[in-house]
């Protein structure tokens, strides 16, 4: 089971205090919602949790089965959906997935692909034949979900996963997030969407300075 | 400490101008060497400190080490310019040309480029952990050139130029000169250390 | 070698290769830059005879600056396309660095062959020692690829990018550049060249690769 501990964490950008000092613990199997108005540091919180950004002050430790995870090992436990994340525009969606997952040592056969794309509601033809750059924003969002699901990670960092999705898409996200948490995945959900907040087991409200 | 160093510098300057005899073949120009050699020596020391503190930063993440690495580079840049200019003047007076790519000139010039690149990199990034890390990585990566500067360059250009005038063999130094030179080296190292401490403090304060 | 590392490097290389093929503008820009530079040099000389040492220096200046336009592609492109985050998330440091380095080596080698062939034709010189000439080219390009890949990754964090990459590159690559000019001059002029410089270049290339590999972990992981 994974745990992420924030101890006296503060974050500043160019001298501007974003948040902190912050103490909290996130645990596997639970969904933690991070809320707060724009600029309060929700996305920053996610990056800090995944060690994708070092904190200005304080310490964040990620522990799995009593062992601290760092560097490459930690990365292998992570998967992420955020608006900042971009796919390679000139690779097809399938090539994008093959490359990214392949770098993690995961190869998927056609049957698994079919099942996966069905889950996130993407058309297999489109995925195999058009460039990710030609996808609509909603389709890109679904593709991000597909990579997330296939990555077999046990820490999910989701930044507004329902953004740009239609009603069916948002339901799909909610369903997958709940299912993952039930299997022991640690989910951090940065959102201001009441529907997504309702999914959460716990909440952190970032006040913003 | 500043006062002690100031006094020491005055005494050494007095010795250089009034006690040290003119060297054979070089005449009074030799007095430049008492400035040039210590300054070049400090420029090299600062390079080592910068890389060493960079390595310490990467291991510990301590911003103090980053400040030390930056301070050493900033001072090193000033000292390497002083060394290059005083060397060029000395070269003009004794060999008749400001610059002739003698091995030592080449080495000091590469050092100048590295310091310049390091400081440009720092200036191009906002202060913070990322800059500290990037700067440390560059300090260490550019340190890889050291074996080349020490072993290859002297061999490469040896055939093109006569051996440097002052390397212990080209010029017989009498004991007075040697003593004054050693004192000047110590004095300059002291001045560097004094400035270095001040600069580290200033950088730490700026980034608070 | 670790099988999964090699798989990762291969995957990274293939991705760069496919993207390179689909986005021909980057290739075209590099080759046109090289061609333009060569044409300028050749025109300025108007077919005059050239000393081997001068020819070697010119050749390496062209190779060096033409590769400046391409050696930072690996990370600069990811940075502008905004794909650095996803690559960081899914790619391990070593496969990413070494895969990109290998691709950069391949790209620059093709570029160098293109430059050299045109150079020999336009300037009208021919190497006496082909073996030394080719090995020097390969080692020189390897050094540029190794240093360029790490420094391109460094430069992605900077706000001011214009020219920064070349400024960072030059001092680090001088130990490749100077012996390369020296050896090429020897190979062109037929004078006996100090072959241990070739060994020195290979050694320095190795040093750059190992150094880049060790230091890149610090850039790729934030802890």
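Some values worked out for this structure:
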| read-out | value |
| --- | --- |
| Given (1) more than 17 Å from the chain's Cα centre (by Cα); (2) modelled with pLDDT under 90; (3) surrounded by 14 or more Cβ atoms within 10 Å (Cβ to Cβ); (4) within 14 Å of chain C (Cβ to nearest Cβ), number of the condition residue B:149 does not satisfy | (1) |
| Qualifying helices (runs of 4 or more DSSP H) (wholly inside the range C:1-102; at least 2 residues being more than 16 Å from the chain's Cα centre (by Cα) and modelled with pLDDT under 90) | C:3-22, C:24-45, C:52-71, C:73-81 |
| Boolean, residue A:97 is closer than 15 Å to residue A:149 by Cβ, within 19 Å of the chain's Cα centre (by Cα) and modelled with pLDDT of 90 or more | yes |
| Residue under evaluation residue C:157, criteria (1) closer than 17 Å to residue B:137 by Cβ; (2) within 8 Å of another protein chain (Cβ to nearest Cβ); (3) part of a helix (DSSP H, G or I), criterion not met | (3) |
| Pair list, Cβ < 6 Å and 6+ apart or interchain, from the range B:7-22 residues that are more than 16 Å from residue B:174 (Cα to Cα) to residues that are in a helix (DSSP H, G or I) | B:8/B:187; B:9/B:187; B:12/B:183; B:12/B:184; B:12/B:187 |
| Qualifying residue in the range C:177-198 (condition: within 15 Å of residue B:142 (Cβ to Cβ) and more than 9 Å from every other protein chain (Cβ to nearest Cβ)) | yes |
| Residues of the range C:134-154 satisfying the condition of being surrounded by fewer than 21 Cβ atoms within 10 Å (Cβ to Cβ), more than 10 Å from the chain's Cα centre (by Cα) and touching a residue at least 12 places away in the same chain (Cβ under 8 Å) | C:135 |
| Spans of helices (runs of 4 or more DSSP H) in the range A:1-118 with at least 3 residues crowded, with 21+ Cβ neighbours inside 10 Å | A:42-49, A:93-103 |
| Conditions (1) touching a residue at least 40 places away in the same chain (Cβ under 8 Å); (2) crowded, with 16+ Cβ neighbours inside 10 Å: number failed by residue A:152 | (2) |
| Count of the range C:27-75 residues which are surrounded by fewer than 16 Cβ atoms within 10 Å (Cβ to Cβ) and closer than 30 Å to residue A:98 by Cα | 2 |
| Unmet criterion (only one of (1) more than 10 Å from chain B (Cβ to nearest Cβ); (2) more than 30 Å from residue A:74 (Cβ to Cβ)) for residue C:209 | (2) |
| Residues of the range C:114-130 classified as assigned to a helix (DSSP H, G or I), farther than 20 Å from residue C:178 by Cβ and in contact (Cβ under 8 Å) with a residue 12 or more places away in the chain, total | 6 |
| Residue count, the range A:161-183 (criterion: under 15 Å from the mean Cα position of the chain (by Cα) and either on the phi > 0 side of the Ramachandran plot or not in a helix (DSSP H, G or I) (or both)) | 3 |
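The values are calculated or read from the model by the stated rules, or taken from the named source; none is laboratory data. Every value quoted in this text rests on a predicted model; they were computed, and no experiment measured them. No Cβ is skipped: glycine too gets one built from the backbone with ideal geometry, and neighbour counts run over all protein chains shown.
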